[in-house]
1. Give a residue-ordered list of calculated ³J(HN,Hα) values for the range 63-72 (Karplus: 6.51 cos²θ - 1.76 cosθ + 1.60, θ = phi - 60°; whole Hz; x for Gly, Pro).
2. What distance in nm lies between label points placed 7 Å from Cα along the C-beta direction at Leu96 and His27?
3. Which length gain, in nm to one decimal place, applies between Gln9 and Arg109 when the Cα-Cα distance is subtracted from 0.36 nm times their residue separation?
4. Normalising by the residue count of the chain, find the relative contact order in percent from Cα pairs under 8 Å and 6+ residues apart.
5. With N set to the residue count of the chain, report its C-alpha Rg divided by 2.2 N^0.38 Å to two decimal places.
6. Label 7 Å along Cα→Cβ of Ser174; the range 93-125 residues with amide nitrogen under 11 Å?
7. Near Val55, within a Cβ-to-Cβ distance under 11 Å, what is the net charge of the other residues, with Lys and Arg +1 and Asp and Glu -1?
8. Test of understanding: what is the full-extension gain from Val37 to Ala70, defined as 0.36 nm times their sequence separation minus their Cα-Cα distance?
Amino acid sequence: MRMFLEHAQEFAATRWKMSQDVVWEKHNGSSFHADRVRRVHEHVLHFYRGPWSKVWKQPQTTPDAVAKTARRKARPPHMGDIGGGEFTSYDGGPRLLRSVVRMRSMHGRARHPTEKPIGLLAPLIRYVAAPGETIIDPFCGSGSALEAALLTGHRAIGIESHEPYAEIAALRLSQNIFLNDNYSGDAS
Ligand SMILES: C[S@@+](CC[C@H](N)C(=O)[O-])C[C@H]1O[C@@H](n2cnc3c(N)ncnc32)[C@H](O)[C@@H]1O
């Protein structure tokens, strides 16, 4: 958002376009705006480069649909060149993952002060990357995105400057490397 508001010109030059924003609604808040509205969410933004037709996109679903066809007729001008789209669901079948994902934060069980739940990251990674592709997290902290990437059948590269966190990430990955790669995140 800062890029759009303060650095729009510079950002346009990079040719990255935003295709989707997702909100993670947490069960607890942070003290960011303690004197105004209690902040209980984080943003997830998906940017892409190149033609939209070449961008990997795997719809993510939950098993609670009613019969319905959802169509996107025209692209919103601020969302890049993403064209039309359609998704049909049936009663009790898969429903597209909602753009507001409600999930408990890691508060009380976290290894890192801003650790993200695997169940939040797994469907987002599956959405943006084909199986076997590599996920790079240059600020990987305790390695949540790396673990989610491996569990969803991807490869992962992490970079972390604080050594104790890097060690936590390495330990997590070495422990989970043999689990099956069909991990299904809990997005309820
Ligand atoms: C928001 S946290 C990531 C938390 C992570 N998603 C998790 O679930 O544990 C950002 C991390 O980036 C690391 N970091 C900050 N600047 C960095 C840099 N220049 N190079 C590598 N890591 C950096 C911090 O030490 C911190 O652990």
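1. Listing the rounded values in order: x, 9, 7, 9, 4, 5, 10, 9, 10, 10 Hz.
2. In this crude label model, Leu96 to His27 measures out at 2.9 nm.
3. Values: separation 100, 0.36 × 100 = 36.00 nm, distance 4.12 nm.
Answer, rounded to one decimal: 31.9 nm.
4. The normalised contact order for the chain reaches 18 percent.
5. Against the empirical 2.2 N^0.38 Å value, I get 1.11 for the chain.
6. none
7. Working: positive: Lys17, Arg49, Lys54, Lys57; negative: Asp81.
Spelling it out: positives minus negatives among the neighbours equals +3.
8. 8.6 nm
The values are calculated or read from the model by the stated rules, or taken from the named source; none is laboratory data. Because the structure is a prediction, the values reported are computed rather than measured. Note that we place each Cβ from the backbone using ideal geometry, even for glycine, and neighbour counts take in every protein chain shown. Please note that ligands, DNA and RNA were not included when accessible areas were found on the heavy atoms of the full protein model with its side chains. Shrake-Rupley method; radii C 1.70, N 1.55, O 1.52, S 1.80 Å.
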